[in-house]
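In what follows, a structure is listed as structure tokens, so that the remarks can point back to it.
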Amino acid sequence: MTAAAETIRSVLADLLWQPTGPLTRDLLLTPGRFGLGKVPAGKQPDATTTMVCGFCSTGCGLNIHLKEGQAVNLTPTTNYPVNLGMACPKGWEALTVLNSPDRATTPLLRDAGGTLRPVPWAAALQTFCQRMKGIQAKHGPHSIAFLGTGQIPTEEMAFLGSLAKFGMGMLHGDGNTRQCMATSVVAYKQSFGFDAPPYTYQDFEESDVIVLVGSNLCIAHPIMWQRICRNPHEPQIIVVDPRTTETAMAATLHLPLQPKSDLALLYGLAHILIREEWIDREFLAAHTTGFEAFAEHVRQFTPEYVSKVSGLETAVLEKSARLIHEGKRVSFWWTMGVNQSYEGVRTAQAIINLALMTGNIGRPGTGANSITGQCNAMGSRLFSNTTNLLGGRAFENPQHREKVAGILGVDKERIPTQPSWSYDRIIEGILRDQIKGLWIVATNTAHSWINQHAVRDILSRLDFLVVQDMYHSTETAELAHLVLPAASWGEKEGTFINSERRFGVIKKVVPAPGQALADFHIFRLIADAWGCGEMFSRWTSPEQVFQILKELSRGQPCDITGIEDYRMIDQRGGVQWPYPSSGERDEGTQRRLFAEGRFYHDDGKAKFLFEMPAEMPEPPSEKYPFLLLTGRGTASQWHTQTRTKKSAVLRQLYPAEIYVELNPEDARKLRITSNQRVVVESQRGGLVAKAFVTPTVQRGLCFLPMHYETTNQLTLAHFDPYSRQPSYKNCAVNVRRAEVADLSPSPFGRGPG
Ligand SMILES: Nc1nc2c(c(=O)[nH]1)N[C@H]1C(S)=C(S)[C@@H](COP(=O)(O)OP(=O)(O)OC[C@H]3O[C@@H](n4cnc5c(=O)[nH]c(N)nc54)[C@H](O)[C@@H]3O)O[C@H]1N2
Ligand SMILES: Nc1nc2c(c(=O)[nH]1)N[C@H]1C(S)=C(S)[C@@H](COP(=O)(O)OP(=O)(O)OC[C@H]3O[C@@H](n4cnc5c(=O)[nH]c(N)nc54)[C@H](O)[C@@H]3O)O[C@H]1N2
Ligand code: SF4
Ligand SMILES: [Mo]
């Protein structure tokens with residue numbers, strides 16, 4: 001069979017669910033709903049199958065209950081080693097959000113009058129290739145780019161990155177993981193020699209001291225928090241967060257530091273630990289480099305100095321250092337309060353340094369542990385072919401290129417010799433007329449990217465914007481020239497890799513609506529239409545691609561050649577990397593890295609890396625006297641809400657309208673009371689929100705959840721210099737009571753919420 005015929009066969013098999021009838025050419029030629037994908041009634045027994053959740057990186061196991069072969073309900077899996085029978089509200093509602101009138105069911109093309117109209121797949125594919133190739137012919141091969149995601153299966157990410165770069169000749173493609181994990185990736189690579197979060201979730205239960213920095217587990221990772229609650233050692237829980245979050249309230253010690261004083265604080269803790277000789281000299285000598293220079297660096301971070309910068313009392317600093325010293329198994333965890341910062345990489349490394357100098361790594365209950373965000377951010381870090389060449393390799397390395405070319409059977413000249421521009425550079429590239437065509441897959445840039453007015457303006461300058469999403473109503477799809485309708489979690493197959501490096505399987509348990517196709521099949525169709533289908537002739541199904549990924553991982557720290565197939569992953573309750581086919585391998589269900597103290601740098605040692613703290617680029621001023629923090633609002637809201645707002649149950653669990661958290665004293669001075677509408681404005685824009693007056697935010701700070709459309713109209717586009725991750729959690733704003741003129745009609749874009 002030719003590659004094109006094979007594509008049509010596999011696409012139809014997917015649409016028909018159980019292919020029973022003859023193949024139909026209508027699929028490619030007719031727009032509209034087909035009623036394909038109906039499960040033949042009565043053909044299959046009722047049963048239960050298992051898969052992992054598709055929201056957050058915890059990667060909970062779910063039992064999916066099937067009636068006549070189709071999912072009707074779900075329950076958390078009791079014997080899955082991640083969640084042990086628990087799920088958060090999003091997990092429980094994961095099937096519900098699939099049914100919605102705004103699901104994209106057919107390709108949509110913007111007509112001459114500016115309206116998006118249904119077109120058949122064949123026309124959509126033809127337009128896609130003509131317009132993208134036209135741009136390349138006029139402006140050069142690198143004038144088209146893509147933006148991907150941490151929320152599609154690993155096999156699909158690898159397909160997108162390989163098709164775009166090796167098949168279509170793109171150089172630039174990045175993902176929303178830049179907004180999220182780039183800082184951890186760079187920090188680990190520089191410190192350990194490979195992007196390798198070392199922990200397993202059991203460490204939550206085995207620590208006697210747990211340090212959470214910029215991480216609101218109760219809201220963002222509630223099942224991980226449940227694992228802490230199961231810890232039998234009555235652990236000390238130290239939470240470092242400027243806000244008194246739900247997690248901070250449950251801590252044994254909360255350090256409400258000034259925002260972005262983390263670096264000084266962490267150096268200050270190192271200072272005390274060294275002063276008291278509470279460090280593991282033996283471990284330092286055998287397994288690390290650069291400690292002496294680091295010790296010299298932190299001498300200036302005296303408790304008095306750090307107290308001034310952070311607003312924490314010296315006694316609290318001394319107490320924190322003592323707790324770390326007295327702990328036998330201390331684990332350090334961080335999330336976006338660290339990563340989303342203009343000095344995120346060095347802050348993450350300051351955490352890594354604490355773990356190294358106290359010998360808290362490689363043993364149960366220890367580690368310098370970055371918690372991931374999206375269900376498959378880890379898959380994207382290893383296999384999306386954006387920043388890294390497939391399998392955690394480097395584009396710049398000729399041996400790596402040769403290796404990948406050999407495994408894929410691709411001409412090595414087709415592999416770029418440099419990594420892609422980062423997300424912010426791609427956006428800037430549009431502004432500079434260097435990028436004219438953009439393909440956005442499973443991310444909602446027009447809502448989630450920093451400084452939203454600017455990014456929407458920039459996207460609107462593109463000659464051709466393609467958005468591939470499960471809903472046609474996202475803020476980004478509304479700007480598109482072409483919308484490609486995607487099947488979602490539950491409607492397709494593949495693997496996700498969770499925060500603790502565990503592969504889990506997802507399955508097709510409901511048909512996708514209308515003509516929506518798995519991203520996998522969309523990539524196949526595009527490969528054929530582009531004329532590079534032969535290059536992907538082995539990429540016939542997700543499970544076939546999984547076999548290719550195994551080969552790509554061979555000999556890498558993330559070697560998974562020992563995993564046979566999806567069945568094995570499913571039966572074992574997931575498998576953590578590494579799991580090589582040969583040599584020593586740990587068969588346990590909970591596995592951590594660095595037990596032998598061997599890191600991935602050539603000398604086998606971890607590096608101490610440090611730098612002087614930087615100035616905050618936009619501190620509060622007379623005109624904008626508050627510092628704005630942003631982040632997750634509730635356990636029931638997911639990001640830009642495209643999914644979670646589709647569930648009536650979840651909608652009951654969070655405020656429909658955007659709200660801003662304000663300190664009572666500040667509110668009193670401004671004559672603002674709870675539930676009153678206020679204007680929050682920065683140099684870049686303003687929004688109307690309901691005031692939520694609460695002592696959980698300190699004076700001079702305010703907090704907006706990221707889930708509402710307008711939040712990023714305020715944020716300042718600035719980035720960590722090493723990871724290029726946006727610093728979403730600090731910009732200067734003013735808050736005032738809303739006047740009548742502010743309210744109706746809203747002067748701020750599409751209005752509140
Ligand atoms: N319910 C829900 N869960 C989610 C998500 C979701 O959208 N909804 N998203 C998932 C994703 S992709 C991610 S990345 C994770 C994010 O998970 P988290 O990082 O835990 O969530 P955030 O609320 O973004 O940020 C955490 C905390 O950082 C604090 N912070 C702000 N500035 C600073 C600072 O300067 N220093 C310190 N120490 N702390 C600071 C904030 O006050 C906030 O409480 O959540 C995942 N889980
Ligand atoms: N102010 C502020 N902004 C932030 C943050 C913050 O803390 N503060 N956090 C940042 C972080 S950490 C993150 S991760 C980003 C998240 O930002 P986004 O990635 O923009 O958020 P989502 O809403 O998860 O968008 C995912 C999109 O993919 C679609 N989708 C879901 N499943 C599929 C699928 O299988 N196939 C396809 N094709 N589409 C699918 C969804 O409908 C949705 O439109 O936001 C960032 N933005
Ligand atoms: S904690 Fe995360 S993975 Fe678990 S059910 Fe909730 S959203 Fe899903
Ligand atoms: Mo994220």
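The values are calculated or read from the model by the stated rules, or taken from the named source; none is laboratory data. Everything numeric in this text was worked out from a predicted model, so none of it was measured. Neighbour counts are summed over all protein chains in view; Cβ atoms, including those assigned to glycine, are modelled from backbone coordinates with ideal geometry. Remember, those area values only see protein heavy atoms, side chains included, never the ligands or the DNA or RNA. Shrake-Rupley method; radii C 1.70, N 1.55, O 1.52, S 1.80 Å.
The listed residues are Tyr659, Tyr728, Tyr722, Tyr708, and the only one of them that is out of contact with any strand residue (DSSP E or B) (no Cβ under 9 Å at 6 or more places or on another chain), away from ligand 3 (no atom under 16 Å from the Cβ), under 30 Å from Ser261 (Cβ atoms) and modelled with pLDDT of 95 or more turns out to be Tyr722. Among the residues of the range 426-450, those identified as polar (S, T, N, Q) and in a helix (DSSP H, G or I) are Thr445, Ser448. Within the range 330-341, residues that are within 16 Å of ligand 3 (Cβ to nearest atom) have Cβ atoms under 6 Å from residues that are assigned to a strand (DSSP E or B) in these pairs: Trp333/Leu212; Trp333/Asn369, counting only partners at least 6 apart in sequence or on another chain. Scanning the range 572-607 for residues that are touching a helix residue (DSSP H, G or I) at 6+ places or on another chain (Cβ under 6 Å), modelled with pLDDT of 95 or more and closer than 30 Å to Thr78 by Cβ yields one hit, Val575.
Please work out which residue is most open to solvent (accessible area, probe 1.4 Å), limiting yourself to the range 604-645 and to residues that are under 30 Å from Arg363 (Cβ atoms) and in contact with a strand residue (DSSP E or B) (Cβ under 7 Å, 6 or more places away or on another chain). Among them, the one singled out is Lys607. For first residues located in the range 63-88 and closer than 21 Å to Ser499 by Cβ, partners that are of a type in the set (Ser, Thr, Tyr) and modelled with pLDDT of 95 or more and lie 6+ apart or on another chain with Cβ distances below 6 Å form the pairs Thr77/Thr50; Gly85/Thr78. Scanning the range 409-428 for residues being open to solvent by less than 10 Å² (accessible area, probe 1.4 Å) and more than 23 Å from the chain's Cα centre (by Cα) gives a total of 1.
Listed here are the residues, each with its yes/no results for (1) surrounded by 15 or more Cβ atoms within 10 Å (Cβ to Cβ); (2) not charged (D, E, K, R).
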residue	(1), (2)
Ala286	no, yes
Glu292	no, no
Glu304	no, no
Leu312	yes, yes
Ala315	no, yes
Ser320	yes, yes
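Being within 16 Å of ligand 4 (Cβ to nearest atom) and touching a Phe, Trp or Tyr at 6+ places or on another chain (Cβ under 8 Å) is a condition met by no residue of the range 234-252.
When you scan the range 90-139, how many residues do you find that are of a type in the set (Val, Ile, Thr) and either without any contact (Cβ under 8 Å) to a residue 12 or more places away in the chain or closer than 30 Å to Asn73 by Cβ (or both)? The total comes to 5.
If you check Thr372, Thr366 for being of a type in the set (Val, Ile, Thr), within 16 Å of ligand 2 (Cβ to nearest atom) and open to solvent by less than 20 Å² (accessible area, probe 1.4 Å), only one passes: Thr372. The condition of being in contact with a Pro (Cβ under 9 Å, 6 or more places away or on another chain) and buried (at least 21 other Cβ atoms within 10 Å of the Cβ) holds for only one of Ala527, Ala512, that being Ala512.
Listed by position, the helices (runs of 4 or more DSSP H) inside the range 170-260 whose residues that are more than 19 Å from the chain's Cα centre (by Cα) and surrounded by fewer than 24 Cβ atoms within 10 Å (Cβ to Cβ) number at least 2 are 202-206, 222-229, 246-249. With respect to (1) modelled with pLDDT under 95; (2) under 24 Å from the mean Cα position of the chain (by Cα), the lone exception for Ile569 is condition (1).
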